[in-house]
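The values are calculated or read from the model by the stated rules, or taken from the named source; none is laboratory data. Just so we're clear, the structure is a prediction, and the values are computed from it rather than from any experiment. Neighbour counts run over all protein chains shown; Cβ positions are idealised from the backbone, glycine included. We work out accessible area using only protein heavy atoms, side chains counted, and drop any ligands, DNA or RNA first. Shrake-Rupley method; radii C 1.70, N 1.55, O 1.52, S 1.80 Å.
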Amino acid sequence: MLRFDPGEGRIRTARRFDVWEGGGEYNVARGLRRCFGRRTAVVTALVDDEVGRLVEDLVLTGGVDTALVRWVPGDGAGRTVRNGLNFVERGFGVRRSVGVSDRGGTAVSRLRPGDVDWDDLFGRQGVRWFHTGGIFAALSDTTAGVAAEALAAARRHGTATSYDLNYRPSLWTGRGGPAAAQELNRRLVEHVDVLLGAGLADLPGDGGDPAERVLADAAANPGLRVVATTHRRVLSASRNDFGAVAWSRPTGLVEGPTLRDVAVLDRIGSGDAFTAGLVHGLLEGAPLRRAVDLGVAHGALVMTTPGDSSAASLADVEAVAAAGEASVLR
(Lines give C-alpha, C1' and ligand atoms only; values in the text may rest on other atoms or scores of the structure.)
Protein backbone atom coordinates (compact mmCIF):
# COMPACT_ATOMS: atom_id res chain seq x y z
CA MET A 1 0.00 0.00 0.00
CA LEU A 2 0.91 3.66 -0.13
CA ARG A 3 1.18 4.92 3.44
CA PHE A 4 0.24 8.51 4.27
CA ASP A 5 2.04 9.80 7.38
CA PRO A 6 1.09 13.12 9.06
CA GLY A 7 4.38 13.15 10.97
CA GLU A 8 3.94 14.37 14.53
CA GLY A 9 0.37 15.45 13.86
CA ARG A 10 -2.96 13.69 13.49
CA ILE A 11 -4.78 12.44 10.41
CA ARG A 12 -7.92 14.45 11.20
CA THR A 13 -6.06 17.77 11.34
CA ALA A 14 -3.25 17.14 8.81
CA ARG A 15 -2.49 19.61 6.01
CA ARG A 16 0.35 17.59 4.50
CA PHE A 17 1.55 13.97 4.52
CA ASP A 18 4.79 12.18 3.86
CA VAL A 19 4.34 9.01 1.81
CA TRP A 20 5.99 5.63 2.20
CA GLU A 21 5.41 2.20 0.78
CA GLY A 22 4.39 -0.52 3.20
CA GLY A 23 2.74 -3.88 3.73
CA GLY A 24 3.06 -6.80 6.13
CA GLU A 25 4.73 -9.11 3.62
CA TYR A 26 6.61 -6.44 1.66
CA ASN A 27 8.23 -4.97 4.78
CA VAL A 28 9.93 -8.32 5.42
CA ALA A 29 11.34 -8.43 1.89
CA ARG A 30 12.61 -4.86 2.14
CA GLY A 31 14.26 -5.44 5.51
CA LEU A 32 16.00 -8.55 4.20
CA ARG A 33 17.28 -6.57 1.22
CA ARG A 34 18.31 -3.24 2.72
CA CYS A 35 19.56 -4.33 6.12
CA PHE A 36 20.69 -7.92 5.58
CA GLY A 37 21.77 -7.80 1.92
CA ARG A 38 19.51 -10.58 0.65
CA ARG A 39 18.14 -10.54 -2.90
CA THR A 40 14.36 -10.22 -2.59
CA ALA A 41 11.31 -9.66 -4.77
CA VAL A 42 7.66 -8.90 -4.09
CA VAL A 43 4.77 -10.76 -5.71
CA THR A 44 1.81 -8.39 -5.83
CA ALA A 45 -0.49 -6.46 -8.16
CA LEU A 46 -0.77 -2.72 -8.73
CA VAL A 47 -2.92 -0.53 -10.95
CA ASP A 48 -0.84 0.92 -13.77
CA ASP A 49 -1.46 4.56 -12.96
CA GLU A 50 0.51 7.39 -11.35
CA VAL A 51 -0.13 6.11 -7.80
CA GLY A 52 0.91 2.58 -8.73
CA ARG A 53 4.09 3.88 -10.35
CA LEU A 54 4.82 5.93 -7.22
CA VAL A 55 4.58 2.74 -5.14
CA GLU A 56 6.90 1.04 -7.66
CA ASP A 57 9.42 3.87 -7.38
CA LEU A 58 9.44 3.57 -3.59
CA VAL A 59 9.86 -0.21 -3.80
CA LEU A 60 12.75 0.18 -6.24
CA THR A 61 14.39 2.64 -3.85
CA GLY A 62 14.15 -0.09 -1.23
CA GLY A 63 16.08 -2.44 -3.51
CA VAL A 64 13.27 -5.00 -3.84
CA ASP A 65 12.83 -6.53 -7.31
CA THR A 66 9.56 -5.50 -8.98
CA ALA A 67 9.74 -7.91 -11.93
CA LEU A 68 6.99 -10.05 -10.40
CA VAL A 69 4.50 -7.18 -9.98
CA ARG A 70 1.31 -7.82 -11.95
CA TRP A 71 0.25 -4.53 -13.57
CA VAL A 72 -3.50 -4.08 -13.98
CA PRO A 73 -5.11 -1.45 -16.25
CA GLY A 74 -7.13 1.17 -14.40
CA ASP A 75 -10.34 2.91 -15.43
CA GLY A 76 -9.22 6.41 -14.42
CA ALA A 77 -11.59 6.65 -11.45
CA GLY A 78 -10.95 3.56 -9.32
CA ARG A 79 -14.43 2.15 -9.96
CA THR A 80 -13.28 -1.35 -10.88
CA VAL A 81 -9.80 -1.59 -9.39
CA ARG A 82 -7.48 0.64 -7.39
CA ASN A 83 -4.30 0.83 -5.33
CA GLY A 84 -4.45 0.50 -1.55
CA LEU A 85 -3.87 3.45 0.78
CA ASN A 86 -3.02 3.42 4.47
CA PHE A 87 -3.25 6.50 6.69
CA VAL A 88 -1.20 6.07 9.87
CA GLU A 89 -0.45 8.42 12.75
CA ARG A 90 2.38 7.37 15.03
CA GLY A 91 0.97 8.27 18.43
CA PHE A 92 2.82 9.92 21.26
CA GLY A 93 2.71 9.46 25.01
CA VAL A 94 -0.88 8.72 26.05
CA ARG A 95 -2.10 9.15 22.44
CA ARG A 96 -1.90 5.75 20.77
CA SER A 97 -1.06 5.02 17.14
CA VAL A 98 -4.02 5.05 14.74
CA GLY A 99 -4.35 3.44 11.31
CA VAL A 100 -7.07 3.95 8.71
CA SER A 101 -6.82 1.57 5.77
CA ASP A 102 -8.49 2.32 2.44
CA ARG A 103 -7.99 -0.86 0.47
CA GLY A 104 -11.30 -2.22 -0.80
CA GLY A 105 -11.25 -3.37 -4.42
CA THR A 106 -7.47 -3.19 -4.77
CA ALA A 107 -5.53 -4.84 -7.58
CA VAL A 108 -3.81 -7.24 -5.20
CA SER A 109 -7.15 -8.36 -3.72
CA ARG A 110 -8.16 -9.48 -7.24
CA LEU A 111 -5.27 -11.95 -7.60
CA ARG A 112 -6.54 -15.45 -8.31
CA PRO A 113 -5.02 -18.92 -8.27
CA GLY A 114 -3.22 -19.47 -11.56
CA ASP A 115 -2.13 -15.83 -11.94
CA VAL A 116 1.42 -16.57 -10.71
CA ASP A 117 3.67 -19.37 -12.01
CA TRP A 118 4.86 -20.65 -8.63
CA ASP A 119 6.49 -23.72 -10.16
CA ASP A 120 8.73 -21.42 -12.19
CA LEU A 121 9.66 -19.36 -9.13
CA PHE A 122 10.36 -22.27 -6.80
CA GLY A 123 11.36 -24.97 -9.27
CA ARG A 124 13.34 -23.16 -11.99
CA GLN A 125 14.35 -19.79 -10.54
CA GLY A 126 15.34 -21.40 -7.26
CA VAL A 127 13.69 -19.08 -4.74
CA ARG A 128 15.00 -20.16 -1.33
CA TRP A 129 12.37 -18.64 0.95
CA PHE A 130 8.74 -17.61 0.55
CA HIS A 131 6.94 -15.40 3.07
CA THR A 132 3.26 -14.54 3.25
CA GLY A 133 0.69 -14.03 5.97
CA GLY A 134 -2.76 -13.45 7.29
CA ILE A 135 -3.09 -9.94 5.87
CA PHE A 136 -2.69 -11.01 2.24
CA ALA A 137 -4.77 -14.14 2.79
CA ALA A 138 -7.60 -12.07 4.31
CA LEU A 139 -7.90 -9.53 1.50
CA SER A 140 -10.44 -11.64 -0.39
CA ASP A 141 -11.60 -15.18 -0.95
CA THR A 142 -9.33 -15.39 -3.99
CA THR A 143 -6.17 -14.26 -2.18
CA ALA A 144 -6.66 -17.02 0.37
CA GLY A 145 -6.57 -19.42 -2.57
CA VAL A 146 -3.43 -17.78 -3.95
CA ALA A 147 -1.68 -18.13 -0.59
CA ALA A 148 -2.66 -21.81 -0.38
CA GLU A 149 -1.48 -22.42 -3.95
CA ALA A 150 1.86 -20.71 -3.31
CA LEU A 151 2.56 -22.52 -0.04
CA ALA A 152 1.71 -25.91 -1.56
CA ALA A 153 4.02 -25.22 -4.53
CA ALA A 154 6.83 -24.17 -2.20
CA ARG A 155 6.43 -27.39 -0.24
CA ARG A 156 6.61 -29.45 -3.45
CA HIS A 157 9.87 -27.79 -4.46
CA GLY A 158 11.50 -27.77 -1.01
CA THR A 159 11.38 -23.98 -0.63
CA ALA A 160 11.31 -22.82 2.99
CA THR A 161 8.15 -20.94 3.95
CA SER A 162 7.08 -18.55 6.69
CA TYR A 163 3.63 -17.25 7.58
CA ASP A 164 2.71 -14.37 9.87
CA LEU A 165 -0.74 -14.74 11.44
CA ASN A 166 -1.16 -10.94 11.48
CA TYR A 167 -4.84 -10.85 12.43
CA ARG A 168 -6.52 -7.56 11.47
CA PRO A 169 -10.12 -7.13 12.73
CA SER A 170 -10.93 -4.66 9.93
CA LEU A 171 -10.28 -7.33 7.28
CA TRP A 172 -12.62 -9.85 8.92
CA THR A 173 -15.55 -7.61 9.85
CA GLY A 174 -18.63 -9.11 8.24
CA ARG A 175 -16.64 -12.16 7.10
CA GLY A 176 -16.80 -14.36 10.19
CA GLY A 177 -14.43 -12.48 12.51
CA PRO A 178 -11.73 -14.25 14.54
CA ALA A 179 -13.22 -17.74 14.12
CA ALA A 180 -13.11 -17.52 10.31
CA ALA A 181 -9.56 -16.14 10.39
CA GLN A 182 -8.47 -18.95 12.66
CA GLU A 183 -10.01 -21.58 10.39
CA LEU A 184 -8.24 -20.14 7.33
CA ASN A 185 -4.90 -19.87 9.11
CA ARG A 186 -5.08 -23.46 10.31
CA ARG A 187 -5.57 -24.68 6.72
CA LEU A 188 -2.66 -22.63 5.41
CA VAL A 189 -0.26 -23.50 8.23
CA GLU A 190 -0.30 -27.14 7.12
CA HIS A 191 2.20 -26.12 4.42
CA VAL A 192 4.31 -23.74 6.55
CA ASP A 193 7.77 -24.24 8.05
CA VAL A 194 8.06 -21.10 10.23
CA LEU A 195 5.04 -19.58 12.00
CA LEU A 196 5.18 -15.99 13.24
CA GLY A 197 2.84 -14.34 15.70
CA ALA A 198 1.91 -17.32 17.85
CA GLY A 199 -1.67 -17.70 19.02
CA LEU A 200 -3.14 -20.00 16.40
CA ALA A 201 -4.21 -22.40 19.15
CA ASP A 202 -6.28 -19.61 20.71
CA LEU A 203 -8.20 -16.69 19.24
CA PRO A 204 -6.09 -14.56 16.87
CA GLY A 205 -4.55 -11.72 18.81
CA ASP A 206 -5.30 -13.44 22.10
CA GLY A 207 -3.16 -12.33 25.02
CA GLY A 208 -1.50 -14.54 27.58
CA ASP A 209 2.02 -15.71 28.13
CA PRO A 210 3.90 -15.68 24.80
CA ALA A 211 5.94 -18.76 25.70
CA GLU A 212 2.76 -20.74 26.39
CA ARG A 213 1.26 -19.61 23.08
CA VAL A 214 4.39 -20.65 21.17
CA LEU A 215 4.43 -24.09 22.79
CA ALA A 216 0.69 -24.56 22.17
CA ASP A 217 1.07 -23.77 18.47
CA ALA A 218 4.08 -26.09 18.17
CA ALA A 219 2.16 -28.93 19.81
CA ALA A 220 -0.93 -28.38 17.66
CA ASN A 221 1.04 -28.23 14.38
CA PRO A 222 3.71 -30.94 14.34
CA GLY A 223 4.85 -30.02 10.81
CA LEU A 224 6.22 -26.64 11.93
CA ARG A 225 9.99 -26.27 12.15
CA VAL A 226 9.99 -22.96 14.06
CA VAL A 227 7.34 -20.97 15.95
CA ALA A 228 8.19 -17.45 17.07
CA THR A 229 6.43 -14.39 18.38
CA THR A 230 7.36 -10.95 19.59
CA HIS A 231 6.04 -9.64 22.88
CA ARG A 232 5.65 -6.06 23.91
CA ARG A 233 4.73 -4.15 27.03
CA VAL A 234 3.35 -0.75 26.11
CA LEU A 235 4.43 1.77 28.73
CA SER A 236 3.14 4.54 26.45
CA ALA A 237 2.97 5.12 22.71
CA SER A 238 6.52 6.47 23.04
CA ARG A 239 8.00 3.78 25.32
CA ASN A 240 7.81 0.01 24.90
CA ASP A 241 9.50 -3.07 26.27
CA PHE A 242 10.19 -5.33 23.29
CA GLY A 243 11.33 -8.95 23.04
CA ALA A 244 10.60 -12.35 21.51
CA VAL A 245 10.42 -16.08 22.16
CA ALA A 246 10.81 -18.95 19.71
CA TRP A 247 10.66 -22.73 19.55
CA SER A 248 12.18 -25.42 17.38
CA ARG A 249 12.22 -29.17 17.88
CA PRO A 250 16.02 -29.39 18.35
CA THR A 251 16.25 -26.46 20.79
CA GLY A 252 12.91 -26.39 22.56
CA LEU A 253 11.83 -22.97 23.81
CA VAL A 254 14.32 -20.13 23.33
CA GLU A 255 13.80 -16.77 25.01
CA GLY A 256 15.39 -13.84 23.28
CA PRO A 257 16.43 -10.59 24.94
CA THR A 258 13.82 -8.17 26.23
CA LEU A 259 14.83 -4.59 25.49
CA ARG A 260 13.46 -2.40 28.26
CA ASP A 261 11.97 1.05 27.86
CA VAL A 262 12.78 1.44 24.16
CA ALA A 263 12.11 4.95 22.86
CA VAL A 264 9.51 4.64 20.07
CA LEU A 265 9.20 7.08 17.19
CA ASP A 266 7.05 4.84 14.95
CA ARG A 267 6.23 1.25 15.95
CA ILE A 268 4.59 0.26 12.65
CA GLY A 269 6.60 -2.47 10.91
CA SER A 270 8.58 -3.60 13.97
CA GLY A 271 7.04 -7.08 13.88
CA ASP A 272 7.91 -7.41 10.19
CA ALA A 273 11.45 -6.27 10.97
CA PHE A 274 11.70 -9.00 13.60
CA THR A 275 10.67 -11.52 10.95
CA ALA A 276 13.32 -10.24 8.55
CA GLY A 277 16.05 -10.65 11.15
CA LEU A 278 14.83 -14.10 12.14
CA VAL A 279 14.64 -15.30 8.51
CA HIS A 280 18.11 -13.93 7.78
CA GLY A 281 19.53 -15.84 10.74
CA LEU A 282 17.80 -19.05 9.71
CA LEU A 283 18.99 -18.67 6.11
CA GLU A 284 22.60 -18.37 7.24
CA GLY A 285 22.22 -21.47 9.40
CA ALA A 286 22.65 -19.61 12.69
CA PRO A 287 21.43 -21.09 16.00
CA LEU A 288 17.83 -20.19 16.76
CA ARG A 289 18.83 -17.92 19.65
CA ARG A 290 21.11 -15.94 17.32
CA ALA A 291 18.30 -15.58 14.76
CA VAL A 292 15.93 -14.36 17.48
CA ASP A 293 18.52 -11.87 18.73
CA LEU A 294 18.88 -10.42 15.22
CA GLY A 295 15.11 -10.17 14.90
CA VAL A 296 14.63 -8.38 18.22
CA ALA A 297 17.45 -5.93 17.49
CA HIS A 298 16.12 -5.16 14.02
CA GLY A 299 12.56 -4.75 15.29
CA ALA A 300 13.66 -2.34 17.99
CA LEU A 301 15.67 -0.26 15.53
CA VAL A 302 12.74 0.05 13.12
CA MET A 303 10.75 1.69 15.92
CA THR A 304 13.29 4.52 16.07
CA THR A 305 12.71 5.81 12.51
CA PRO A 306 9.59 6.93 10.61
CA GLY A 307 7.80 4.69 8.14
CA ASP A 308 7.15 0.95 7.98
CA SER A 309 10.55 0.14 6.55
CA SER A 310 13.97 -0.44 8.02
CA ALA A 311 16.64 2.26 7.89
CA ALA A 312 19.02 0.13 9.96
CA SER A 313 22.34 -1.27 8.77
CA LEU A 314 23.61 -4.72 9.64
CA ALA A 315 26.22 -3.04 11.85
CA ASP A 316 23.41 -1.28 13.76
CA VAL A 317 21.63 -4.60 14.29
CA GLU A 318 24.80 -6.38 15.39
CA ALA A 319 25.55 -3.63 17.91
CA VAL A 320 22.11 -3.81 19.52
CA ALA A 321 22.12 -7.61 19.49
CA ALA A 322 25.53 -7.69 21.16
CA ALA A 323 24.53 -5.14 23.81
CA GLY A 324 21.23 -6.88 24.57
CA GLU A 325 19.74 -3.73 26.02
CA ALA A 326 17.90 -0.67 24.84
CA SER A 327 20.36 1.85 26.24
CA VAL A 328 22.27 1.88 22.96
CA LEU A 329 19.14 3.12 21.21
CA ARG A 330 18.79 6.33 23.23
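Only protein atoms count toward the accessible area here, which uses a 1.4 Å probe; on the chain, the carbon and sulfur part of that area reaches 50 percent.
Annotation note: trypsin sites (Lys or Arg not before Pro) in the stretch 57-91 located in DSSP loop regions with a Cβ neighbour count of at most 14 within 10 Å are 79. Sorting 268-274, 212-218, 121-127 by average packing, meaning the other beta carbons within 10 Å per residue, from highest down gives 268-274, 212-218, 121-127. Taking every DSSP beta bridge that has both ends in the stretch 46-165, the antiparallel portion is near 45%. Taking only the C-alpha atoms of the chain, Rg followed by Dmax gives 18.7, 55 Å. Couplings 3J(HN,Hα) for the stretch 218-224, derived from phi with the Karplus relation 6.51 cos²θ - 1.76 cosθ + 1.60 (θ = phi - 60°), are 4, 5, 7, 9, x, x, 6 Hz, where x marks Gly and Pro.
Which shape class applies to the stretch 1-62: rounded if a/c is under 1.5, otherwise prolate when a/b exceeds b/c and oblate if not, where a ≥ b ≥ c are the square roots of the Cα gyration tensor eigenvalues? Note, shape of the stretch 1-62 comes out oblate. Accessible area per residue for the chain is 45 Å², calculated with a 1.4 Å probe on protein heavy atoms, without ligands, DNA or RNA.
Listed peptides 248-259, 184-195, 299-310, 147-158 appear in the order 299-310, 184-195, 147-158, 248-259 once ranked by packing, highest mean of other Cβ atoms within 10 Å at the front.
Of all DSSP beta bridges confined to the chain, the antiparallel ones make up roughly 60%. Each Cα pair under 8 Å and six or more residues apart adds its sequence gap; the mean of these over the residue count of the chain is a relative contact order of 15 percent. DSSP beta bridges fully contained in the stretch 1-111 are about 55 percent antiparallel.
Separation of the stretch 137-164 from the stretch 91-118 is 17 Å, based on Cα centroids.
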